[in-house]
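Peer 1: Below are the structure tokens for one structure; questions will follow.
The values are calculated or read from the model by the stated rules, or taken from the named source; none is laboratory data. Please read all numbers here as calculations on a predicted model, not as lab measurements. We place every Cβ from the backbone using ideal geometry, glycine too, and count neighbours over all the protein chains shown.
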Amino acid sequence: MNNRDLQALAKIVQPESEAFAHTLPAVVYQPGIYDTVDQTQILHRSWQLAAHESQLQTVGDYVVHEVADQPVIVVKTEQGLKAFHNVCRHRAGPLAFENGHAKTLMCKYHGWNYHLTGALKSAPEMHTTPGFDVSRYHLPEIKLTTWQSMVFVALNDGVPEFDEVVDGIVERILPIDMGVMNFHRRDEFVLDCNWKVYVENYLEGYHLPHVHPGLNKLLDYKSYQTELSKWHSYQFSLLDQGTGFYDDGQAHYYFIYPNTMLNVLPNRLQTNQVLPMRGNQTKVIFDYYYPDFEGKDRLVLQDQIFSDEVQDEDVMICEAVQKGLDSGSYDKGRLCLKREMGLYHFQELVRAAYRQLLPS
Ligand code: FES
Ligand SMILES: [Fe+2]
């Protein structure tokens, strides 16, 4: 960042008080310096959902994923799960293009071959190269943790303790147990909006009556509440009994900073991951999980139809909001204290991440 950028940044990153909070200004949703800043200051420095244990049951199973433009591979080894940069030490080729199973990881470019532990095993014809020593090459390992059968990775070592990030979630949703749910399907969406627009839309129920008439009937809007923790926020609402096909109970919507969502309903988990793409687009990945129970097929079908409807509505509003942010007619606005505190919480964490760029 040059001096002018830093001066502009200094003006927008001071903490805001809850009651008097303004939104982040439109400039942080535009393509430009904030693309890079969001990747390096936010996504590289946080826990990112990368896989599910059910995809990694046998030694040799691997999953490829991309976090903040960084190709990552998660591998089941004799020593448990490991994550590496999916980048060969020869000339940066990929070890895998898609999920699979293998005894070793062989680079797709020139065939350098790695043990599942990441150590280089062999490299074709490299004995002709003086001083080349396979034992000196190893795929760089990435921090990894598993929680409720989900696999999270962190590109940077300086991330918060994972236990602190998810503190209290498992207990709060009891008797629902996310750990016993099985993967059912994945949907991917590409949106014409900045990733933060999508996240912020998720973080408030204020738009329910206006954007989601169907969802608004299912949830009891009056009981809708938000709670904030250090690294996550929690929205919950009673399910309006008798109108829906989910069992009676609560809808739990967890947002794990900066871009993971856990949407938990009785007998159903849907994870969302929100990934910035170049050109101010956003990829949103939905994974659906269900336990085995009687009536599952009916729930799966209705859940899918209903989720698609809600997502279509969210896509439409997010893309329209991006146009508004791009219009030049808007800089920032005020937040609703009653309904938008999840959004405030996210924006304060973003401001804190941006502040790290300022000279101390
Ligand atoms: S880049 Fe991997 S073998 Fe050449
Ligand atoms: Fe929505």
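Peer 1: Can you confirm whether region 95-102 contains a residue that is within 14 Å of ligand 1 (Cβ to nearest atom) and either more than 29 Å from the chain's Cα centre (by Cα) or not aromatic (Phe, Trp, Tyr) (or both)?
Peer 2: Taking region 95-102 and keeping what is within 14 Å of ligand 1 (Cβ to nearest atom), we get 95-97.
Narrowing the set further to residues that are either more than 29 Å from the chain's Cα centre (by Cα) or not aromatic (Phe, Trp, Tyr) (or both) leaves 95-96.
Within region 95-102, one or more residues are within 14 Å of ligand 1 (Cβ to nearest atom) and either more than 29 Å from the chain's Cα centre (by Cα) or not aromatic (Phe, Trp, Tyr) (or both).
Peer 1: With respect to residue 278, is the statement that it is exposed (fewer than 14 other Cβ atoms within 10 Å of the Cβ), under 19 Å from the mean Cα position of the chain (by Cα) and over 20 Å from residue 25 (Cβ atoms) true? Write out each step before concluding.
Peer 2: Values: exposed (fewer than 14 other Cβ atoms within 10 Å of the Cβ): yes; under 19 Å from the mean Cα position of the chain (by Cα): yes; over 20 Å from residue 25 (Cβ atoms): yes.
So residue 278 fits the description; yes.
Peer 1: Further, regarding this structure: Would you be able to say whether some residue in region 75-89 is more than 12 Å from ligand 1 (Cβ to nearest atom), among the aliphatic types (A, V, I, L, M) and closer than 27 Å to residue 282 by Cβ?
Peer 2: Taking every residue of region 75-89 in turn, at least one turns out to be more than 12 Å from ligand 1 (Cβ to nearest atom), among the aliphatic types (A, V, I, L, M) and closer than 27 Å to residue 282 by Cβ.
Peer 1: For residue 193, only one of the following conditions fails: (1) over 19 Å from the mean Cα position of the chain (by Cα); (2) in a loop (DSSP other than H, G, I, E, B). What is its number?
Peer 2: Against the list (1) over 19 Å from the mean Cα position of the chain (by Cα); (2) in a loop (DSSP other than H, G, I, E, B), residue 193 comes up short only on (1).
Peer 1: Quick one: how many residues across region 320-338 are within 16 Å of ligand 2 (Cβ to nearest atom) and buried (at least 17 other Cβ atoms within 10 Å of the Cβ)?
Peer 2: 2
Peer 1: Surrounded by fewer than 18 Cβ atoms within 10 Å (Cβ to Cβ), in contact with a Gly (Cβ under 9 Å, 6 or more places away or on another chain) and either within 25 Å of residue 310 (Cα to Cα) or not aliphatic (A, V, I, L, M) (or both): which single residue out of 238, 219, 203 fits that description?
Peer 2: Details: 219 fails: surrounded by fewer than 18 Cβ atoms within 10 Å (Cβ to Cβ); 203 fails: surrounded by fewer than 18 Cβ atoms within 10 Å (Cβ to Cβ).
Just one listed residue meets the conditions, 238.
Peer 1: Of everything in region 121-147 that's under 29 Å from residue 49 (Cβ atoms) and assigned to a strand (DSSP E or B), which residue is farthest from the chain's Cα centre (by Cα)?
Peer 2: Going through the qualifying residues, I end up with 138.
Peer 1: Identify the residue in region 68-78 that is surrounded by fewer than 23 Cβ atoms within 10 Å (Cβ to Cβ) and not acidic (Asp, Glu) and, among all such residues, is farthest from residue 95 (Cα to Cα).
Peer 2: Step one: filter region 68-78 for residues surrounded by fewer than 23 Cβ atoms within 10 Å (Cβ to Cβ), giving 68-72, 76-78.
Subset that is not acidic (Asp, Glu): 68, 70-72, 76-77.
Numbers: 68: 18, 70: 13, 71: 10, 72: 10, 76: 15, 77: 15 Å.
My answer is 68.
Peer 1: Within region 176-213, track down each residue that is free of Cβ contacts under 8 Å to residues at least 40 places away in the same chain and either within 16 Å of ligand 2 (Cβ to nearest atom) or charged (D, E, K, R) (or both).
Peer 2: First pass over region 176-213, keeping only residues free of Cβ contacts under 8 Å to residues at least 40 places away in the same chain: 179, 208-210, 213.
Answer for region 176-213, where residues must be free of Cβ contacts under 8 Å to residues at least 40 places away in the same chain and either within 16 Å of ligand 2 (Cβ to nearest atom) or charged (D, E, K, R) (or both): 208, 209, 210, 213.
Peer 1: Considering region 1-49 alone, what residues qualify as being touching a strand residue (DSSP E or B) at 6+ places or on another chain (Cβ under 9 Å) and either without any contact (Cβ under 8 Å) to a residue 12 or more places away in the chain or more than 30 Å from residue 149 (Cα to Cα) (or both)?
Peer 2: If the condition is that a residue be touching a strand residue (DSSP E or B) at 6+ places or on another chain (Cβ under 9 Å) and either without any contact (Cβ under 8 Å) to a residue 12 or more places away in the chain or more than 30 Å from residue 149 (Cα to Cα) (or both), then 16, 20, 21, 22, 23, 35 are the ones that fit.
Peer 1: So in region 32-61, with the set limited to residues that are in the same structural domain as residue 320 (by TED's automatic domain parsing) and in contact with a Lys or Arg (Cβ under 8 Å, 6 or more places away or on another chain), which one is farthest from residue 357 (Cα to Cα)?
Peer 2: Residue satisfying both the conditions and the ranking: 35.
Peer 1: Suppose the filter is touching a Pro at 6+ places or on another chain (Cβ under 7 Å) and surrounded by fewer than 19 Cβ atoms within 10 Å (Cβ to Cβ); does residue 33 pass it? Don't jump to the end; show me each part of the working.
Peer 2: Details: touching a Pro at 6+ places or on another chain (Cβ under 7 Å): no; surrounded by fewer than 19 Cβ atoms within 10 Å (Cβ to Cβ): yes.
Answer is no for this residue.
Peer 1: Hey, among 292, 314, 287, which residue is part of a strand (DSSP E or B) and touching a residue at least 12 places away in the same chain (Cβ under 8 Å)? Explain how you work it out, then say what you get.
Peer 2: On the way: 292 fails: part of a strand (DSSP E or B); 314 fails: part of a strand (DSSP E or B).
When all the criteria are applied, what remains is 287.
Peer 1: Looking at region 174-187, is at least one residue loosely packed, with under 14 Cβ neighbours inside 10 Å, in the same structural domain as residue 112 (by TED's automatic domain parsing) and out of contact with any helix residue (DSSP H, G or I) (no Cβ under 8 Å at 6 or more places or on another chain)?
Peer 2: no
Peer 1: Only one of (1) buried (at least 22 other Cβ atoms within 10 Å of the Cβ); (2) at pLDDT below 95 is not met by residue 259, so which one is it?
Peer 2: Unmet condition: (2).
Peer 1: Name every residue in region 298-312 that is more than 20 Å from the chain's Cα centre (by Cα), within 13 Å of ligand 2 (Cβ to nearest atom) and among the charged types (D, E, K, R), in order of residue number.
Peer 2: Listed by number, the list holds a single entry, 309.
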